[in-house]
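Student: Below is one structure. I have some questions about it.
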Amino acid sequence: MTIHLFNGLVYGALLIVMCSGLALIYGLRRVVNFAHGSLYMLGAYIGYSVALQSNFWVALVVAPAVMAVLGVVIDRWGFRLLQDRDPLSVVLVTFGGLLVIEDFVQTVWGKSNLSVSAPAELAFSVDLWGTPVPAYRLGVIVVGAAVAIGLTLWLRYSKVGLFVRAASTDPVTTAMQGVHTDALSAMVVGLGTALAGLAGVVAAPFLSLSPSMSSDVIIDSFVVVVIGGLGSLAGAFVAAMALGLVQALGAVWLPDASVLLPFLLMVAILLWKPAGFAGSRT
């Protein structure tokens, strides 16, 4: 049982990194980004290429940095233009972006499954209450916790974080107070995209890389964001850990219904709290 709980925490930590970006982008731009999973995949492949030329630690820095730049470009020529469009247009454009990125990945890296080796510094096992667990996966939990704590402190105690929270609540009034909301949004989308890339790099050593990996995680990511409350970062943290544990335990106790468990959890939570765990706050 210990190993299953541990695996649930690992997947929950990965979802925290992934979904933080999705929640931040929606909170500020009000754009449901269906291409977020493909950005996670692209970050993983960029990390793979960088790791081949140098090492995993360099990839952990370079890939999110490249994705951050891409995020700023996407905000300027995509999300900024979609902000006031009807939801159907947003879905079609972001879904189209998903297809473009998937085709790009297949063209550059091919369709075969690829893998990234865990760094040598974490290539050992740790005894966890009598059960050996990979040290690298403990590192994934640390990364998820660091992202959650770092974003919380940034949003609550920094001046820029205050501007982000204000703009996510009322962008017009925030702009009237002298805040450059477009530049702020570009920064947040860049950060959210970088977090998607970071999640891809972190996932690469224990999940195989393939052009279909975006669809494997994007559904769970949207379930997390909906359960947590659209645009709510705190709610996304709670929902990510809950879904990770449900997935891990469900695969053991209800293997035939494990695919349905995320949706059943979402239905149950929304019947109880229609706005999600934390409503729509950032």
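The values are calculated or read from the model by the stated rules, or taken from the named source; none is laboratory data. All values derive from a computational prediction rather than experimental measurement. Because the Cβ atoms are built from the backbone with ideal geometry, glycine has one as well, and the counts that use them run over all protein chains shown.
Student: Starting from the range 260-276, take each residue that is more than 11 Å from Val246 (Cβ to Cβ) and list its partners that are not in a helix (DSSP H, G or I), counting only C-beta distances under 6 angstrom and pairs at least six apart or across chains.
Tutor: Ala275/Gly229; Gly276/Gly229
Student: Related question: Take the conditions surrounded by 24 or more Cβ atoms within 10 Å (Cβ to Cβ) and either assigned to a helix (DSSP H, G or I) or in contact with a Lys or Arg (Cβ under 7 Å, 6 or more places away or on another chain) (or both) and apply them to Gly47. Does it pass? Lay out the reasoning, then the answer.
Tutor: Working: surrounded by 24 or more Cβ atoms within 10 Å (Cβ to Cβ): yes; either assigned to a helix (DSSP H, G or I) or in contact with a Lys or Arg (Cβ under 7 Å, 6 or more places away or on another chain) (or both): yes.
In short, yes.
Student: Does the range 146-155 contain at least one residue that is more than 21 Å from Met18 (Cβ to Cβ) and part of a helix (DSSP H, G or I)?
Tutor: Our first condition is that a residue be more than 21 Å from Met18 (Cβ to Cβ); within the range 146-155, this holds for none.
No, because not a single residue in the range 146-155 is more than 21 Å from Met18 (Cβ to Cβ) and part of a helix (DSSP H, G or I).
Student: Of all residues in the range 22-40, which are in a helix (DSSP H, G or I) and more than 17 Å from Val140 (Cα to Cα)? Step through it out loud before you land on a result.
Tutor: Step one: of the range 22-40, the residues in a helix (DSSP H, G or I) are 22-29, 36-40.
If the condition is that a residue be in a helix (DSSP H, G or I) and more than 17 Å from Val140 (Cα to Cα), then Leu22, Ala23, Leu24, Ile25, Tyr26, Gly27, Leu28, Arg29, His36, Gly37, Ser38, Leu39 are the ones that fit.
Residue by residue, here is whether (1) among the aliphatic types (A, V, I, L, M); (2) touching a Cys at 6+ places or on another chain (Cβ under 8 Å); (3) not in a loop (DSSP other than H, G, I, E, B) holds:
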position	(1), (2), (3)
Leu98	yes, no, yes
Ile101	yes, no, yes
Gln106	no, no, yes
Ala118	yes, no, no
Glu121	no, no, yes
Asp127	no, no, yes
Arg137	no, no, yes
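Student: When the residues of the range 72-98 are narrowed to those that are β-branched (Val, Ile, Thr) and in contact (Cβ under 8 Å) with a residue 24 or more places away in the chain, which ends up farthest from Arg30 (Cα to Cα)? Break it down into steps so the answer makes sense when it comes.
Tutor: Our first condition is that a residue be β-branched (Val, Ile, Thr); within the range 72-98, this holds for 72-74, 90-91, 93-94.
Right, trim to in contact (Cβ under 8 Å) with a residue 24 or more places away in the chain and you get 72, 74, 90-91, 94.
Values: Val72: 16, Ile74: 14, Val90: 10, Val91: 12, Thr94: 13 Å.
So the residue we want is Val72.
Student: Another question, then. Cβ-Cβ below 7 Å, separation at least six or inter-chain, first residue in the range 146-158 and on the phi < 0 side of the Ramachandran plot, second charged (D, E, K, R) and assigned to a helix (DSSP H, G or I): which pairs?
Tutor: Leu155/Arg165
Student: Considering only residues that are buried (at least 16 other Cβ atoms within 10 Å of the Cβ), among the hydrophobic types (A, V, I, L, M, F, W, C) and modelled with pLDDT of 90 or more, which ones fall in the range 66-92?
Tutor: Val66, Met67, Ala68, Leu70, Val72, Ile74 - these are the residues of the range 66-92 that are buried (at least 16 other Cβ atoms within 10 Å of the Cβ), among the hydrophobic types (A, V, I, L, M, F, W, C) and modelled with pLDDT of 90 or more.
Student: Right, next: Across the range 50-65, what is the number of residues that are among the polar types (S, T, N, Q) and surrounded by 16 or more Cβ atoms within 10 Å (Cβ to Cβ)?
Tutor: Final tally of qualifying residues: 0.
Student: Continuing with the same structure: So, Arg156, is that one more than 24 Å from Tyr40 (Cβ to Cβ) and either buried (at least 18 other Cβ atoms within 10 Å of the Cβ) or modelled with pLDDT of 90 or more (or both) or not?
Tutor: Judged against the criteria, Arg156 is a match.
Student: Scanning for something buried (at least 19 other Cβ atoms within 10 Å of the Cβ), of a type in the set (Asp, Glu) and in contact (Cβ under 8 Å) with a residue 40 or more places away in the chain, does the range 182-200 turn up at least one residue?
Tutor: The answer is no, given that none of the residues of the range 182-200 is buried (at least 19 other Cβ atoms within 10 Å of the Cβ), of a type in the set (Asp, Glu) and in contact (Cβ under 8 Å) with a residue 40 or more places away in the chain.
Student: Residue by residue through the range 49-65, note down the ones that are at pLDDT 95 or above and among the hydroxyl-bearing types (Ser, Thr, Tyr).
Tutor: Correct list: Ser49 only.
Student: Go through the range 206-220 and count every residue that is among the polar types (S, T, N, Q), crowded, with 17+ Cβ neighbours inside 10 Å and either under 23 Å from Phe263 (Cβ atoms) or under 15 Å from the mean Cα position of the chain (by Cα) (or both). Spell out the reasoning first.
Tutor: Initially, the range 206-220 is screened for residues among the polar types (S, T, N, Q), giving 208, 210, 212, 214-215.
Filter once more, keeping what is crowded, with 17+ Cβ neighbours inside 10 Å: 210, 214.
Filter again for either under 23 Å from Phe263 (Cβ atoms) or under 15 Å from the mean Cα position of the chain (by Cα) (or both), leaving 214.
The number of residues fulfilling the criteria is 1.
Student: For Gly110, indicate whether it is more than 28 Å from Tyr26 (Cα to Cα), loosely packed, with under 14 Cβ neighbours inside 10 Å and free of Cβ contacts under 8 Å to residues at least 12 places away in the same chain. Give the steps one after another, and end with the answer.
Tutor: Working: more than 28 Å from Tyr26 (Cα to Cα): yes; loosely packed, with under 14 Cβ neighbours inside 10 Å: yes; free of Cβ contacts under 8 Å to residues at least 12 places away in the same chain: yes.
When the stated conditions are applied, Gly110 passes them.
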